1. Please verify whether region 148-166 includes one or more residues that are part of a loop (DSSP other than H, G, I, E, B) and closer than 19 Å to residue 29 by Cβ.
2. Check region 144-151 and report whether any residue there is at pLDDT 90 or above, of a type in the set (A, V, I, L, M) and loosely packed, with under 11 Cβ neighbours inside 10 Å.
3. Would a scan of region 121-136 turn up a residue that is touching a strand residue (DSSP E or B) at 6+ places or on another chain (Cβ under 7 Å), more than 22 Å from residue 17 (Cα to Cα), among the hydrophobic types (A, V, I, L, M, F, W, C) and part of a helix (DSSP H, G or I)?
4. I'd like the residue in region 91-114 that is over 30 Å from residue 41 (Cβ atoms) and of a type in the set (Asp, Glu) and, out of all such residues, is surrounded by the most Cβ atoms within 10 Å (Cβ to Cβ).
5. Under the condition of being small (Gly, Ala, Ser) and assigned to a helix (DSSP H, G or I), which residue from region 53-90 is surrounded by the fewest Cβ atoms within 10 Å (Cβ to Cβ)?
6. Going by the structure shown, is residue 170 closer than 25 Å to residue 29 by Cβ and among the polar types (S, T, N, Q)?
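The values are calculated or read from the model by the stated rules, or taken from the named source; none is laboratory data. The structure displayed is predicted, hence computed values, not measured ones. Backbone-built Cβ (ideal geometry, glycine too); neighbour counts: all protein chains shown.
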Amino acid sequence: MAKSRKTETPDLTASWTLSLAATLGSSVRAKGIHLEIRARLPAAIRKSLDLSGKVLTLGMPEISKAEFRSASAVVAKALEDIEDLPVIPREIQDILSISTTERHRWLNDGRLPSAGTRTVKLRGRARKITFHVLDPRMVEDVLDRGVVDEWREEDAATIAENRRRAALKTKLTRSLKKGGKAKATSEASPDDPASNLRGWEEFGREGFLR
């Protein structure tokens with residue numbers, strides 16, 4: 001019977017707490033930062049960097065002192081300007097608690113100004129995707145001002161106004177069509193009283209007036 005593998009506690013550890021300015025109060029953003037810093041480490045030791053809540057922890061065995069020191073330096077360096085890391089789509093939706101539709105709408109109309117685009121290759125796929133990223137300081141300002149509910153009210157008012165205009169346009173179109181039919185009928189024989197008599201054309205064809 002094979003013995004169960006015992007989880008080893010790393011001999012060398014270092015921890016860093018992510019600031020609120022970096023995460024913007026989002027666990028999704030914290031995970032994004034974790035993945036971003038992991039990507040800067042050598043592939044062989046990326047899994048040595050873990051995330052628990054807002055705390056990044058690097059753990060390695062005693063025999064990897066040199067690699068540990070090097071990895072610690074990379075993490076510390078990355079964290080120096082991590083608060084300026086652009087905000088990606090899934091992060092902004094979690095930070096502001098908004099839908100994908102709202103994100104697209106507010107990007108298109110400028111309420112969430114784009115800070116540029118980023119292109120990444122999907123894991124296991126040949127194709128790449130490009131998406132807009134946002135300035136974290138702008139996102140922080142939106143949070144501080146609490147304007148999301150205000151934007152939603154503006155959107156609701158705009159939708160209601162657009163529906164009202166569409167209904168008026170439909171009503172006007174129908175009215176014009178009815179008016180056109182009535183005009184065509186009245187212009188068929190405007191001075192001929194016989195045009196209003198039922199069967200008058202048949203009566204004429206039979207020759208009773210000849």
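1. Looking through region 148-166, none of the residues is part of a loop (DSSP other than H, G, I, E, B) and closer than 19 Å to residue 29 by Cβ.
2. So far as region 144-151 goes, no, none of its residues is at pLDDT 90 or above, of a type in the set (A, V, I, L, M) and loosely packed, with under 11 Cβ neighbours inside 10 Å.
3. Within region 121-136, none of the residues are touching a strand residue (DSSP E or B) at 6+ places or on another chain (Cβ under 7 Å), more than 22 Å from residue 17 (Cα to Cα), among the hydrophobic types (A, V, I, L, M, F, W, C) and part of a helix (DSSP H, G or I).
4. 102
5. So, considering only residues that are small (Gly, Ala, Ser) and assigned to a helix (DSSP H, G or I), the one surrounded by the fewest Cβ atoms within 10 Å (Cβ to Cβ) is 66.
6. No, not satisfied.
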